[in-house]
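This report refers to the structure that appears directly beneath it.
The values are calculated or read from the model by the stated rules, or taken from the named source; none is laboratory data. Treat the numbers as computed from the prediction; the structure is a model and nothing was measured. Note: ideal-geometry Cβ built from the backbone for every residue, glycine included; neighbour counts use all protein chains shown. Just the protein is used for accessible areas: all its heavy atoms, side chains included, with ligands, DNA and RNA removed. Shrake-Rupley method; radii C 1.70, N 1.55, O 1.52, S 1.80 Å.
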Amino acid sequence: MKPRRVGMSRGYEEMDGANVPRPPGSTPSSTPGGVDPAAGGTGNAAPPTAATGTMLAGAAPEFELASVSVVPDDTYTVTQAVNALGFGWFQVKLSLCVGLCWMADSMEMTILSVLGPALHCDWGITRYQQALVTTVVFLGMMLSSTFWGHLSDRYGRKPALTLCGVLLFLYGLLSSVAPSFGWLLLLRGLVGFAIGCVPQSVTLYAEFLPTKQRAKCVVLLDCFWALGACFEVALALAVTPTLGWRWLLGLSAAPLFIFAIITPWLPESARYHVTSGQSDKALNTLEQIAKDNRRPMLLGRLVVEGPTGSRGSLKALLGSSLRRTTLLLWFIWMSCAFCYYGLVLMSTELFGGKNKTIADAGMMADDGITTDCQPLATTDYMDLLWTTLAEFPGIFATIYVIEKFGRKKTMALQFLFYAGCVLMITVTEVRVFLTIILFMARGVIAGLFQAAYVYTPEVYPTALRSVGVGGCSALARLGAMATPYIAQVLFQSSIWSAVTVYGIFAACASVACMLLPYETRGADLAH
C-alpha cells in the first residue's frame, strides 16, 4: 500500500492500480481482478464480472473500476493522528496559553506565603488565623476539583477553563478590597474554588501532545509555574512595603485577566469531541493541527479509542481495574501538596523569623492577638526568590530522570530526597546553608509535582481522564489544607516535630509510588 495522498476523500485510500487513468491503447493488467502483483497486490482478487462494472473483453478501458479502493479498516484514532502530526506551532501556541494559566495559579499560591505576615501586621491576626487564610483557599480547591472534572468531561475542557479564568479574575480583584477578615476569607475561598479547574488545563495540553514529547512538555509547564512564583515574590518586594497587600492582590490578578481574554481561542480537546460523538469537530481540530504544523492530514475514518459508557464517573475510578491505582495516586498527590506547600510556608517562617526567638513569637495580648510584628525585609524576599528559582533546575533534572528511570522510580526517589533535605533543616542555623537546603528541597518537590502531573493523565482512560485528575487534585488540596497547621503553627513551637511530620509523609509516599501497578513511560495515553 502506498502512502496516502493529500486531497483524497475521507474513508478512502489510494491503491496501486485503482482509479488511475490509463493512456489510450494501454492494456490492463492480466492478473485476475486487475491487481498488479508488482504494485503490491495479492493477485487473488475475484474475477471480473458484469456486476462489478468491469468492461467487456476487447474494449479499450479508460479507467479500471476499483471496488478495491474502498478499505473498510482504513481508520485512525486521535492518538495516531496526534503522533503523526507531531509537535509544531499548534503545540507552541497551546503551551503559551496553558502556561499563562499555570503562571496565574502559581501567583495565587505564592501570595499565601506573603499575605499571612502582612495581615498579621496590618490586622493583628493570630497564627491560627494566618493558617486559616491558607486553609480556606485549599478547601475551595478541594470542594471544586471533582466539580470541574465532571464539567470538563461532560461539556468540554474549553468551557470549563473559560469560566475558571473569569471567576479567578473577579474573585482575585474583589479580594483586594475586602473590608474585613471574614470577607477576605470568603473571597479567598471562592478564589480557591475557581483554581480547582486549573489542572484541567494540563489534561487539555496532554491530549494534544505526541507520545514522545508528552512527558518533557508537561514537565516544562512547571517553568511557567516557577516563573509565576518568582514574579509574585518580586512583585511583593516592589509593592508590599510601600503600597501594602491590597495592591499586591489587585496587581496579581493581571495574568488572570489576560487568560480570561484568550480562552475563547483555546482549542477544544479532539479526544473529548470523539468520545462525546462529535467526530466532525474533532476532525476540524486535527485539520487545524495539520495546518499549523505543516503536516499532511491523515485520511480515513476517525474512530473512538475506547469505551464511552463511563464518561465522567467518579465511581468508575474505584472499579476493580482502577481501584489500586486511584487510591495510591490519591495518597501520593495528597503527600505531594502537603510537602510542597509546607516547604513554601516554612521558608517564609524561617527567613521572616530569624531575628526573633520562638518565645517572642508566642507573646500574646489579653485578647489573644500577637503583639509582635516582623514584616518581611528585603533580604527575606531575596532569599525567598532564590529558593523559588530552584524550581527551574528541578524541572530540567526531572525531565532527564523521568525518561531514563520511568515515572514511578522518579517520584519515589524524589520523595526520599525531599525527606532528607527537610530533616537537614534542624542541623544548621547558618542562613547560607539554610538557603542551600531549601533550594535543593524546593527544586526536587517542584519536579515531583510535575512528575505526578505527567503520570496521572497517562494512566487514566480518556473517558475518565479529567475526573481522574480532578479527584487527585481534590486529595492534594486536602493535604494542602492541613499543611499550614504544621508549617506555621507547630513549626513555631517545635521545628523538629514539624520537619519530622514532613519526612514521614514523604517516606510513605515514596513506598506508594513503587506500589503503583503501571509504568507509563513510552506508552500512548490510555484509551
Here, the stretch 422-515 modelled as identical Cα point scatterers in vacuum has Debye log10 I(q)/I(0) at q = 0.14, 0.17, 0.21 Å⁻¹ of -0.66, -0.90, -1.19
Students often check this: by mean Cβ neighbours within 10 Å, which of 238-244, 132-138, 105-111, 321-327 ranks highest, and how do the rest follow? 105-111, 132-138, 321-327, 238-244
Would you pull out the residues with amide H under 5 Å of ARG301's amide H, same chain only if 5 or more places away, H placed 1.01 Å from N? GLY11, THR75, TYR76
Going through LYS158/LYS216; LYS93/LYS291; LYS216/LYS404; LYS212/LYS291; LYS212/LYS404; LYS216/LYS409 one by one, the pairs whose alpha carbons sit over 18 Å apart turn out to be LYS158/LYS216; LYS212/LYS291
The stretch 73-305 accessible area per residue, 1.4 Å probe, protein heavy atoms, integer Å², reads 35 Å²
Sorted peptide list for 149-162, 333-346, criterion being average Cβ within 10 angstrom, highest first: 333-346, 149-162
For TYR76 and TYR155, extending 7 Å from Cα along the Cα-Cβ vector and measuring point to point gives, in nm, a value of 3.3 nm
Quick check on packing: order 431-439, 506-514 by the mean number of other C-beta atoms within 10 Å, highest mean leading. 506-514, 431-439
Surrounding charge for ALA236, neighbours by C-beta under 15 angstrom, Lys/Arg +1, Asp/Glu -1, total -4
Dipole magnitude of the stretch 405-513 about its Cα centre, charges +1 at Lys/Arg Cβ and -1 at Asp/Glu Cβ only, in debye to the nearest 20? 220 debye
Could you tell me which residue out of LEU286, HIS120, PRO179 lies farthest along the dipole of the stretch 73-305 toward its positive end? Charges go on the beta carbon: Lys and Arg +1, Asp and Glu -1, centred on the Cα centre. LEU286
With unit charges on the beta carbons (Lys and Arg positive, Asp and Glu negative) and the dipole taken about the Cα centre of the stretch 73-305, which residue among GLY228, GLY192, CYS164 sits farthest to the positive side? GLY228
Cβ under 14 Å from LEU249's Cβ, LEU249 left aside: what net charge do those residues give with Lys, Arg +1 and Asp, Glu -1? -1
